[in-house]
1. Note down the relative contact order for region 247-296 as a percent, whole number, built from C-alpha pairs under 8 angstrom at least six residues apart.
2. To the nearest 0.05, what FRET efficiency results for residue 60 and residue 92 with a Förster distance of 56 Å applied to their C-beta separation?
3. Just by accessible area at a 1.4 angstrom probe, what is the order of 333, 98 from largest to smallest?
4. Please arrange 301, 148 by accessible surface area, largest first, computed with a 1.4 Å probe and ligands excluded.
5. Suppose R0 equals 51 Å; then what is the FRET efficiency for residue 113 and residue 206 from their Cβ-Cβ distance, rounded to the nearest 0.05?
6. Contact order normalised by length for region 64-129, with contacts defined as Cα pairs under 8 Å and 6 or more residues apart; what percent is it?
7. Rounded to the nearest 0.05, what FRET efficiency do residue 175 and residue 148 give with R0 = 22 Å and r taken as the Cβ-Cβ distance? Could you check?
8. Rounded, prolate or oblate: pick one for region 227-306, where a ≥ b ≥ c are the square roots of the eigenvalues of its C-alpha gyration tensor, a/c under 1.5 means rounded, and failing that, prolate if a/b is larger than b/c, else oblate.
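The values are calculated or read from the model by the stated rules, or taken from the named source; none is laboratory data. Model, not experiment: these values are computed from the prediction. Cβ atoms come from the backbone with ideal geometry, glycine included; neighbour counts cover every protein chain shown. In case anyone asks, the SASA skips ligands and DNA or RNA and just uses the protein heavy atoms, side chains included. Shrake-Rupley method; radii C 1.70, N 1.55, O 1.52, S 1.80 Å.
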Amino acid sequence: MKKQSRFSDERVKKELFPLPIFLLFFGMFAVLTTLQMMIIGQFIDYRSLPAANVAGVLGFWVAASAAVTLITGLIIRRRYQKPIEEFSEAARRVAAGDFSVYLPPRHTIDKRTHLDVLFVDFNKMVEELGSIETLKTDFFSNVSHEIKTPLAVIQTNAELLQTGHLSEAQRRECTDTILQATRRLSNLITNMLKLNKLEKQVIQPMPQSYDLCAQLCACALQFEDQWERKHIEFDADLEDRATVCADEGLMELVWTNLLSNAIKFTPEGGRVTLRQTSGPDGITVAVSDTGCGMDPGTMAKIFDKFYQGDTSHATEGNGLGLALVQRILELSDGTVSVTSTPGKGSTFTVRLPLPHEEVPA
């Protein structure tokens, strides 16, 4: 019984170097040998040679043809068929859900071949797929938690209202709590839909030139009641005018999310700063606060979907705002970064390219 390779696959019907290819190579070498002997025959009369010598020459060339063909087949099997079998087996395991697969390159970097590059790209793909699978699991877990929390609040307060033994003040408190929970649930669903459409590029940015400073002022004024209620000192340092080429509606989401977070995490009596500057490399907008700040571990995850630095969920939010900000800026050729010190506050910095007509020569 023929021993099967550990990489054998019943779907494979032919090897890379099957018998017909072997015979083809052998025939090619044999024809070349015959032609060579015919050319040499123009100068040597084979009929004058002993029959044993002629047979020996023919035998030598037949053996040489067979040997070269076998060596070619072995090289093909070793250098191509075996790596492809390994690749096929690894792909089958990934298709079955195993993202721990790793294919080591067969050569060093200075001698890397196309197969080595294929293996490297395959390993990178598997790593990305594993990350996506982890994110998907976390996504469903977080969505379940974020939806269950406001639903539980709504259910509890609705049951209290059904009892009929509440004072007017208690009833008002229950209804206010229900409204707050429904708003939180509505915001969650809205942000999920926006983020999903942005990631699938259903929403295509429609860039146009507009005054960024005017937009920043308008967005900041939306939160005037909130910073006055918390006695927060709001400091805005903007140019008279700065023109950008971006989707104005999507960029408004960026500024409202950053300003909302800054005010939300700044304690009473704190300070929020909005600064905008222009330079040869582009336009920079920084939103700073004097809130609780973040440690390096939190900063590394702050742009992940549903991640909330406040693990108690005591503050409003669903962890989608900064994910939206990052995705919008990616589509707008912009970037966002964060610097933070625990106990001293955070600064989110957005950088946008200059409009093409304003790029310095």
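1. Numbers: 47 pairs, mean separation 17.1, N = 50.
Reported relative contact order: 34 percent.
2. Numbers: r = 46 Å, r/R0 = 0.81.
For R0 = 56 Å, the calculated efficiency reads 0.75.
3. Values: 333 125, 98 45 Å².
Sorted by accessible area, descending: 333, 98.
4. Numbers: 301 105, 148 140 Å².
I get 148, 301, largest accessible area first.
5. Values: r = 45 Å, r/R0 = 0.89.
My answer for the efficiency is 0.65.
6. On the way: 32 pairs, mean separation 17.0, N = 66.
Rounded, it is 26 percent for region 64-129.
7. On the way: r = 21 Å, r/R0 = 0.95.
With a Förster radius of 22 Å, E is 0.55.
8. Working: a/c = 1.82, a/b = 1.27, b/c = 1.43.
Oblate shape, in that a/c is at least 1.5 and b/c is the bigger or equal ratio.
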